[in-house]
Structure formats: structure tokens, C-alpha cells
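Worksheet for the structure shown next.
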There are 2 protein chains.
Amino acid sequence: MAKVLTPRAEDYSQWYNDIVKKAQLAENSAVRGCMVIKPTGYAIWENMKSQLDRMFKDTGHVNAYFPLFVPKSLFEAEEKNAEGFAKECAVVTHYRLRNNPDEKGKLMVDPDARLEEELVVRPTSEAIIWNTYKNWINSYRDLPLLINQWANVVRWEMRTRLFLRTAEFLWQEGHTAHATKEEAIEETKMILDLYADFAENYMAMPVIKGVKTANERFAGADDTYTIEALMQDGKALQAGTSHFLGQNFAKAFEVKFSNSNNKEEYVWATSWGVSTRLMGGLIMTHSDDDGLVVPPKLAATQVVIVPIPKPKDEIDEVAERIMVELKAKGVSVKYDRDAKKRPGFKFAEHELKGVPVRLGIGMRDLEKGVIEVARRDTKEKNSIPVDGVVDHVVQLLDDIQNNLFNKAKAYRDSHITKADSMEEFKSILEEKGGFILAHWDGTTETEIKIKELTKATIRCIPLDNEKEAGQCILTGKPSEQRVLFAKAY
Amino acid sequence: MAKVLTPRAEDYSQWYNDIVKKAQLAENSAVRGCMVIKPTGYAIWENMKSQLDRMFKDTGHVNAYFPLFVPKSLFEAEEKNAEGFAKECAVVTHYRLRNNPDEKGKLMVDPDARLEEELVVRPTSEAIIWNTYKNWINSYRDLPLLINQWANVVRWEMRTRLFLRTAEFLWQEGHTAHATKEEAIEETKMILDLYADFAENYMAMPVIKGVKTANERFAGADDTYTIEALMQDGKALQAGTSHFLGQNFAKAFEVKFSNSNNKEEYVWATSWGVSTRLMGGLIMTHSDDDGLVVPPKLAATQVVIVPIPKPKDEIDEVAERIMVELKAKGVSVKYDRDAKKRPGFKFAEHELKGVPVRLGIGMRDLEKGVIEVARRDTKEKNSIPVDGVVDHVVQLLDDIQNNLFNKAKAYRDSHITKADSMEEFKSILEEKGGFILAHWDGTTETEIKIKELTKATIRCIPLDNEKEAGQCILTGKPSEQRVLFAKAY
């Protein structure tokens, strides 16, 4: 089969578009900037969701659902948040269509059905949720309130890319309320750790945990924590954020509680989210010029069995037995029995779709008592005795999961470079890419200037940062630590 | 604890509102007609979702996600569908807010950010999905296409009730495409059976399967199949519908396939859905004046353990052991260890929230080697030997599930009455309520007239209907079968 993807070296951006399309993960829709998530893509997202959901529940969170719409007057209550999102809000102004008297069979917005107050389609739900929490929180006994929501949100983006930046996207948003500042900060950090755990141990995508600069903070937050990943083209991807919201929303929505001394205080808040953007991160961290590579823990199908050259009773029998045994061990497996397609075609197809392990069962191999086992990540093939194949595959799935993480980590680690001057900074960006650790004077002005000059932004101030005296690469002013720069998605 | 709910006999409608509120299932939001689904309610919905999702997947369906918005020009393409939903569409007309120059801190819709084409917030997704299927379907090899979506939809209802009728609701919508009419009809009916299976065997809610009259059909369908349940106040609830869409959407969106003879044909379609409305049905089928009653298979917490009168090492130890054993058997269990609340308060609380089984562990009982087991459905209490309590509870959960179904079925069966004249029809409606089987002349005119006179509608023509010659109760014209009438939610 001819190469169906533009090679990464030729055009990384086109390679990404190709893979999303050819592996049938998602496509653009008739609605500007909104995507259709196709079954193959959605199955991976479902696996992500169910694992994250388990992790949220294991840490004491419960799910709920809040309205899609936010009345404008609530939306504008927390001013910074409103200001931050106002420019990308889809707004519902009418609640009815009617027949267009001038064009038969066509509809028009009914001018008599104008809403008294416009409704914003939620770009994020702090406003509607804190307006609700006001009625749920009276006393310290009602705290902490640890709620998550799985939902769709809309941010009217001008330049969109499938999964990475779309007008509508799917996400989870946690919104918690606490009696003390310390507890809220602890929650913010605990969730950051949970996100990092998920990214590294399920997505096999190494991340750097850090805190955002004031300039890159979520609108309405006192502090934004982030996990930052590195894609294969040397650009960073913000993969998840956890916000300490201080008392900003509590004050905007008058959410107070009486503490154990019966004194009224404003509630402390956090919010945090990851979205279908993670799909973009997953694709770009592992995939290659032959197609998608999915870590076994998130693959919709972990193992595919292909009869060689086509189905036959003896082959079917072995395949069925292996399937039963694999399923009993919790492995998802499919038998690609279609007699109309040649093995080579199937191999390419399953490679394109990123199935981690492929078993090829042929009569000649069976006579020798072996089965061909191919792993997607390294493309290695081995003949494995039929009797041991199930255990081998279970172990192999683990190995692939680890190998993907280690490979991504080695790439990421080799792409964290120190720069001590603007020239060095620029030449690293141009020639090597990746993360750059550099001194910065701590001002938003300098941060913006560096962005203008290089398109690189401060991804975060890493949490485990070493203190090291130095001088800002732009202004030469004193700095007490390096911060993490990169060009980013 | 004083009664917290209005008794059903006094005011059924108020009882429903009370229970939704006091059991903390849902509440009205700041957005007209939109609800907040609270954690206790959402946990039940999650259980419904995951069971339905399993059933859809077991029957070969996959999940995907389509955009929230439908461009007006696509929305109006299938005329009957558009006409049916036009009057309840929320419409996005703008994509940006800006500061209001006349009022500091306030925002206004930016008149410069008017969309060229208005976007309808999906009231249902046939239009956007069939516009997408057009590109997915070329040949008979692409069929059948069996896709489901879990999503929120918006229908601008004027009179709303929590769960039963809300402007935004959560649902699943299946959209399938087939090569032949027969296959599409088979799918429509298979899903109806699946819904009935779910309603009866998980929700413990008996349903009557039937087909809607032309007047009650989904806008754009050739046939609408329905499951109809009966609530405790004698009103019917349409609990799920499965539509045979013929080639209507295929024609509106030009979706053709080449058949095995290489001839082009229009595709045949189905769509089907159940929504958070099922929560209303669940509540009204089983609950009583003391609160919610949830069938064990859908309860978020199946068993609660209460220490009597308060926690103590010996009690904790027994409770922990029972919890471990119950969890090992797949039973969800909580230990209500809160020392600040009295047992009586806790009992009432768990009754209100519908936990199917309560274990009371007290020192005096323990000395006798027994534990008090109370079932929510009948309020029966029994002393059960500690050693046998786990097996007893597992069996009891089954018994409760069956008892709830049988009780609801007995009520439903005793509320299907035949009427042979309009007087009889009216008096049954007024005095007894429930379903009425009556002859109808088959015309929409008569159907509407009966509705005007009595507020009762034809719920369906039952699938297993006996043919029986008779005369229409309104017009006296000949009829070949009775149809099922009721007042409905």
C-alpha cells in the first residue's frame, strides 16, 4: 500500500491533518470550527474519559450537570473572567424560527421571539456554577464541595485545528469549594498531580508540571497550574490546567459560609479541566509516518488477529481460542476475518489505526506451532509458540506502554535546552526547537516582548525548579530562576 | 422526622416537585427551563447511561460526536422535521460580546459580530448527521452505519418540569443508515425491544410497546414506535421512541449508495432516543410519601450501613468486614459513620434518597449475633444472623428489583380499562385514570377531537394488539382494533 500520510519530515502540520483524517479520528463539519468526532476517535476519548472519571471519583469527586447557557448578567459578574472570554462567546438571542414569507420552504429567525436577556453558550462554567453554589453552601459543614462535569463548551476561535483548537470541544471541568485557602490550593495541586499521572501513565506522554505566569493565567484565577507536554515537532502543548481561583468567584456571586466559629467568610475555589485537545497530544506524541500509535491502555482495540492469507477452519479455531483467553485477561481483541481483503492491506489498515499488537495466523506457521506477533510501536515481528502467545501478548502490551513513555521522555528530555542570551534562545528555537530554560526578569512586559520577537511563550515556571541567580535574556535584569519557554500549540 | 414531602394523595404534582428537590436530584437554574442535575440525581443517570451504552454496543453500535450547532440552511432541508421543531429552537446569531460603552463593567452583544448564517442549537441531530453521512456513505459496503451519540439538546419549551420537560436535556440519539427498508424497520423494532428490556429489567418500569398514530409521529418519520409507561397518578409517560425515517433524510441530504448491482439508491434511516426524562419516569413509578425508591440495579448506593446509636470499634469492625464482602460481590455500599447525626435522622435521610437496603448495626443486636436489615420498598425489617447477612443482602437486592417491577406491573395492569362509549371513556378518565383501550375510526380529525374533549391522547397502537371489530367511541364509524388512550405527561 502506498504511503497515505505526508511524512512528518516533509510537513508536520499536514502529517497531523492527514493522520486525523485517514485514521478516521475526526473531521471538520458544516459548522465553522466545529468537528465531528468519528467512532474510531471517540472510542479513544471514551477510554480517556472513563479512566479520568475513575480517578476523579477515587479522589472524592462526584459528577453533576449544569446548564449549557449562561445569562449575560451572570456571565459578566466576575469581571476578569468575563473580559477574558467575551470575545469568543456564541450568543443565543432568539428562541424561535418561523416560515420566511419571502421564500417558500425557508425559515427565518422570528423577530418576535427575541430573548429579554441574551444567553451565552458556556465557554466555561464558573459563572453558572458559582451562582448555583450560592444556594448550596451555608455552613462549613457543606464544604468541601467537590464536583466535576463532563460537558461540551464553545469558544469562538478564529483559527481552528481538529482536536487542538475547535469552536466546540468536549471536556471535563471540576469546580470545587473550600473553607480555607490552604485546602483549595492543596486541591489545585492534587488535581495537577492527577492530570500528570494520567498523562504519563495512561497516555504515555511525559509532562512538566508548573505554574503559569500572571500573563498566561486563566481569566479569573489567582494561580493557574499546568502540565506541559512536548510534541515531536518541538512545539509544546498545554495538556491540562488546574486553577486556584481564590475568593474571586465567591465574591462575585456572594458565596459565603459560616465557619465553625459561626463567622461568615467567603468560600475558596478551584476549577480544572482537560479536553478533547488531549487527543491531539496523544496523536502527536507517539504516531509515525505509517499512522497512529496508541498506548495500549487507551487503545479501543489492543490486539487484532489477521488470518494469513485468509480465514480457514484451522485458523479460525486457533484465533477464537486466543480471543477467549485474551478477553479473560481483560485484553480487547478483534478478529479481522474479512476474506475480501488481502493480509497486506489489513496490516497497513491496522497500522494506520494504531492497533498496538497484531497477530498473524498462517497455516505454515501453525504447522511449526508458532504465530507471528507484530508490535505497532517498533514494527518488530517475532514468531511465538502458540501455547505461550497469550502470556506473551499481555506482557508485550505492558512493554509497549512503557516503551512509548520512555521514547517520548527521551525525546522530551533531550529537547530541554538552556539558553543564556537572546541569540542562543533564537538559534535553539530555529534549529532544535523544544523547551528552553532561560532567565526572565519576571515582568509581563518582557514576556510579551520575547513572544513578539520569537513567538515563544513562557509555558510555566516548573514546580521542581532549582533556584539559580542569573540575568534576564532580554533585559539583563536580575532573575532568581530559569523559566520554561517554547513555541506552543 | 416530620414528613418532608407533600403526600401523593394530597397533591401528586407537588409531591413530585418535593421529591426531586428534597432527595436532591435536580433543581431549576438561573436559565429559564434549564435544570441543574445534582450529584444524587446524576449518579442514577450515570448508571442508566452505562447500562444503555453497554446494550447499544452489544448490538453493534458505536459512539461518535456531532456538532451542537446546525446551520439554518441544513436545519430546514428536511421540511417536516424543520417545521416540527422550528417553534422551539434556540438560535445563535452572534459570536462575540464587547464592553457596553454606556454601562461600565457590563457587556453587550457586539453588533459587528453577527453570523452570516444563524446557527440552531440542536433540538435533535438528524440534519447535521445526515449532512455528514452524505460523505461517509458511497457503497453498500459502508452500510449499515450504526451510530449513537450521548449529547445535550435544546427545545425551547414554554411549560417545563424538572426531568420531564426541560429546555435543555441530556439524551442519547441513535442514527442508523441501511441498504434496505426491511433492515431499517428491523433496526427500529430491535431498538424498541432494547428500550423495553431496559425499562422493565433495569428501571423495573413496565411498558407497552406500540406504534404512534400519524398525528403523534416524530417530525420527519414514516413511523414512530414508542414505549409507554404508567405513572402512579394514572397518567402515561412516553419513555422512549424509535423512528423509522424511510428515505426522507436521505432524499433531503442526497445520501445515496451504490448497491451490489452498482445501481444508485437512497439510503434508509432510523433514529431513536431516550433522555433524562427517564429519571422522571423512574421517580414516579416507584417512589412513595417517604421519598425516592430506586430499583437496586440503578441505585448509586445499594446498601447503607448505620451504626446504632453511633460508631464504636466493635461496630466499625463488623461494618468494614461486611463492606469488603459486599463490594467483592459487586454491591455498592456506604457506611454512614457520622457521629453527629442520630440513627433516626439517618434512616429518614436514606429513605428519602431511596437507598434500597439499610443495615443497622447495634451492640445489643451484635451480642445476639444479628443485624437489622431494612428494605426500602416494603419498609420490612428483619434480624439476620451476622454470618449470613451478605448472602441475604445480595438475594434481597434481587427480590426488591423484582418486587418493584411486579408491583408496578400489577398497578399498570389493573389500570388498563376498556371503554365502549365516550361517557364511559370520560368517567374512567375522571375516576380511575390509567390507560383506556377504545375503538377509534383511524382519522386524525377524530383523534384531535377526542383530545379537545378529554385531554386524552392516543399513546399508541399496541404491537401485540388483538384485532377486534368495533365502532369508534366518538363517531361510531367502524374500527378494526382498540387503541391505547391516556392523559400523558
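Among the residues in the range A:344-362, are any at pLDDT 95 or above, of a type in the set (Asp, Glu) and over 30 Å from A:Thr446 (Cα atoms)? The answer is yes; a qualifying residue exists.
The single condition from (1) under 27 Å from B:Asp398 (Cβ atoms); (2) touching a helix residue (DSSP H, G or I) at 6+ places or on another chain (Cβ under 8 Å); (3) assigned to a loop (DSSP other than H, G, I, E, B) that B:Arg358 fails is (3). Considering the conditions (1) farther than 17 Å from A:Leu170 by Cβ; (2) under 23 Å from the mean Cα position of the chain (by Cα); (3) in contact (Cβ under 8 Å) with a residue 12 or more places away in the chain, A:Leu74 is excluded by exactly one of them, (2). Scanning the range A:145-203 for residues that are under 30 Å from B:Ala113 (Cβ atoms) and among the small types (Gly, Ala, Ser) yields A:Ala151, A:Ala167.
Residues that are facing another protein chain (nearest Cβ under 7 Å) and among the small types (Gly, Ala, Ser) within the range A:67-89 comprise A:Ala82, A:Ala86, listed in sequence order. Considering only the range A:458-479, I want to know if a residue exists there that is surrounded by 15 or more Cβ atoms within 10 Å (Cβ to Cβ), of a type in the set (Lys, Arg) and touching a Phe, Trp or Tyr at 6+ places or on another chain (Cβ under 9 Å). Scanning the range A:458-479 turns up at least one residue that is surrounded by 15 or more Cβ atoms within 10 Å (Cβ to Cβ), of a type in the set (Lys, Arg) and touching a Phe, Trp or Tyr at 6+ places or on another chain (Cβ under 9 Å).
Please find, among A:Val92, A:Val62, the residue that is out of contact with any helix residue (DSSP H, G or I) (no Cβ under 7 Å at 6 or more places or on another chain) and within 7 Å of chain B (Cβ to nearest Cβ).
Details: A:Val62 fails: out of contact with any helix residue (DSSP H, G or I) (no Cβ under 7 Å at 6 or more places or on another chain).
Exactly one of A:Val92, A:Val62 is out of contact with any helix residue (DSSP H, G or I) (no Cβ under 7 Å at 6 or more places or on another chain) and within 7 Å of chain B (Cβ to nearest Cβ), namely A:Val92.
Of all residues in the range A:333-358, those that are at positive phi and touching a residue at least 60 places away in the same chain (Cβ under 8 Å) have Cβ atoms under 7 Å from Cβ atoms of residues that are surrounded by 19 or more Cβ atoms within 10 Å (Cβ to Cβ) and assigned to a strand (DSSP E or B), 6 or more apart or on another chain, in A:Gly354/A:Gly291. Being at pLDDT 95 or above, more than 10 Å from chain B (Cβ to nearest Cβ) and closer than 22 Å to B:Tyr42 by Cα: is that true of A:Ala177 here? Judged against the criteria, A:Ala177 is a match.
Based on this model, can you work out whether A:Gly105 counts as on the phi > 0 side of the Ramachandran plot, at pLDDT below 95 and surrounded by fewer than 18 Cβ atoms within 10 Å (Cβ to Cβ)? Considered against the rule, which asks whether it is on the phi > 0 side of the Ramachandran plot, at pLDDT below 95 and surrounded by fewer than 18 Cβ atoms within 10 Å (Cβ to Cβ), A:Gly105 comes out as yes.
Return yes or no: is B:Ala184 at positive phi and of a type in the set (A, V, I, L, M)?
On the way: at positive phi: no; of a type in the set (A, V, I, L, M): yes.
The answer is no for B:Ala184.
With respect to A:Leu115, is the statement that it is over 32 Å from the mean Cα position of the chain (by Cα), among the aliphatic types (A, V, I, L, M) and either surrounded by fewer than 18 Cβ atoms within 10 Å (Cβ to Cβ) or under 21 Å from A:Phe69 (Cβ atoms) (or both) true? Considered against the rule, which asks whether it is over 32 Å from the mean Cα position of the chain (by Cα), among the aliphatic types (A, V, I, L, M) and either surrounded by fewer than 18 Cβ atoms within 10 Å (Cβ to Cβ) or under 21 Å from A:Phe69 (Cβ atoms) (or both), A:Leu115 comes out as yes.
State yes or no: is A:Thr132 crowded, with 20+ Cβ neighbours inside 10 Å, of a type in the set (Val, Ile, Thr) and more than 9 Å from chain B (Cβ to nearest Cβ)? Walk me through it before giving the result.
Working: crowded, with 20+ Cβ neighbours inside 10 Å: yes; of a type in the set (Val, Ile, Thr): yes; more than 9 Å from chain B (Cβ to nearest Cβ): no.
Criteria not met by A:Thr132.
For the range A:27-59, what are the residues that are more than 9 Å from chain B (Cβ to nearest Cβ), under 30 Å from A:Val4 (Cβ atoms) and of a type in the set (A, V, I, L, M)? Those that are more than 9 Å from chain B (Cβ to nearest Cβ), under 30 Å from A:Val4 (Cβ atoms) and of a type in the set (A, V, I, L, M): A:Ile44, A:Met48.
Out of B:Glu117, B:Glu157, which single residue is acidic (Asp, Glu), modelled with pLDDT under 95 and either within 21 Å of A:Arg96 (Cβ to Cβ) or outside the structural domain of B:Ala23 (by TED's automatic domain parsing) (or both)? Working first, answer last.
Working: B:Glu117 fails: modelled with pLDDT under 95.
That would be B:Glu157, the only listed residue that is acidic (Asp, Glu), modelled with pLDDT under 95 and either within 21 Å of A:Arg96 (Cβ to Cβ) or outside the structural domain of B:Ala23 (by TED's automatic domain parsing) (or both).
Table: residues versus (1) within 14 Å of another protein chain (Cβ to nearest Cβ); (2) buried (at least 24 other Cβ atoms within 10 Å of the Cβ); (3) under 30 Å from A:His439 (Cβ atoms).
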residue: A:Trp150; (1), (2), (3): yes, no, no
residue: A:Val154; (1), (2), (3): yes, yes, no
residue: A:Glu187; (1), (2), (3): no, yes, no
residue: A:Met190; (1), (2), (3): no, no, no
residue: A:Leu194; (1), (2), (3): no, no, no
residue: A:Met203; (1), (2), (3): no, yes, no
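The rows are residues; the columns are (1) surrounded by fewer than 19 Cβ atoms within 10 Å (Cβ to Cβ); (2) not acidic (Asp, Glu).
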{"site": "B:Asp289", "(1), (2)": "yes, no"}
{"site": "B:Glu314", "(1), (2)": "yes, no"}
{"site": "B:Ile361", "(1), (2)": "no, yes"}
{"site": "B:Arg364", "(1), (2)": "yes, yes"}
{"site": "B:Glu380", "(1), (2)": "yes, no"}
{"site": "B:Pro385", "(1), (2)": "yes, yes"}
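Take the conditions surrounded by fewer than 18 Cβ atoms within 10 Å (Cβ to Cβ) and outside the structural domain of B:Glu173 (by TED's automatic domain parsing) and apply them to B:Ser50. Does it pass? Full working, then the answer.
Details: surrounded by fewer than 18 Cβ atoms within 10 Å (Cβ to Cβ): yes; outside the structural domain of B:Glu173 (by TED's automatic domain parsing): no.
It is false that B:Ser50 is surrounded by fewer than 18 Cβ atoms within 10 Å (Cβ to Cβ) and outside the structural domain of B:Glu173 (by TED's automatic domain parsing).
Determine, yes or no, whether B:Val390 is touching a strand residue (DSSP E or B) at 6+ places or on another chain (Cβ under 9 Å), touching a residue at least 12 places away in the same chain (Cβ under 8 Å), outside the structural domain of B:Met279 (by TED's automatic domain parsing) and of a type in the set (A, V, I, L, M). Here the answer is no, as B:Val390 does not meet what is asked.
Residues that are more than 20 Å from B:Leu282 (Cα to Cα), in contact with a His (Cβ under 9 Å, 6 or more places away or on another chain) and among the β-branched types (Val, Ile, Thr): does the range B:408-424 have at least one? No, the conditions are met nowhere in the range B:408-424. Could you count how many residues in the range B:299-351 are closer than 20 Å to B:Lys379 by Cβ and assigned to a helix (DSSP H, G or I)? Here the count works out to 9.
Figure legend. Inter-residue proximity from the range B:393-419: first residues assigned by TED's automatic domain parsing to the domain that holds B:Lys381, second residues exposed (fewer than 15 other Cβ atoms within 10 Å of the Cβ), beta-carbon distance below 6 Å, spacing 6+ or different chains. Indicated pairs: B:Val394/B:Lys329. In the range A:88-102 there is no residue matching the filter, namely being within 26 Å of A:Glu264 (Cα to Cα) and surrounded by 15 or more Cβ atoms within 10 Å (Cβ to Cβ).
The condition (being surrounded by fewer than 17 Cβ atoms within 10 Å (Cβ to Cβ) and either on the phi > 0 side of the Ramachandran plot or not charged (D, E, K, R) (or both)) is satisfied by just one residue among B:Leu437, B:Leu396, B:Leu453: B:Leu453. Beta carbons closer than 7 Å, at least 6 apart along the sequence or on distinct chains, pair a first residue in the range B:1-26 that is farther than 25 Å from B:Pro39 by Cβ with a second that is of a type in the set (Asp, Glu) for B:Pro7/B:Asp289; B:Arg8/B:Asp289; B:Tyr12/B:Asp233. Inspect all residues belonging to the range A:111-119 and state whether any of them is facing another protein chain (nearest Cβ under 8 Å), closer than 25 Å to A:Ala151 by Cβ and in contact (Cβ under 8 Å) with a residue 12 or more places away in the chain. Within the range A:111-119, one or more residues are facing another protein chain (nearest Cβ under 8 Å), closer than 25 Å to A:Ala151 by Cβ and in contact (Cβ under 8 Å) with a residue 12 or more places away in the chain. Listed by position, the helices (runs of 4 or more DSSP H) enclosed by the range A:375-489 that each have at least 2 residues that are within 30 Å of A:Ile361 (Cβ to Cβ) and more than 27 Å from the chain's Cα centre (by Cα) are A:389-413.
Within the range B:157-173, if we keep just the residues that are under 19 Å from the mean Cα position of the chain (by Cα) and more than 18 Å from B:Trp45 (Cβ to Cβ), the residue that is farthest from the other protein chains (Cβ to nearest Cβ) turns out to be B:Arg159.
The values are calculated or read from the model by the stated rules, or taken from the named source; none is laboratory data. Only a predicted model underlies this, so the values are computations on that prediction, with no experimental measurement involved. Heads up, the Cβs are rebuilt from the backbone with ideal geometry, glycines too, and the neighbour counts pull from every protein chain shown.
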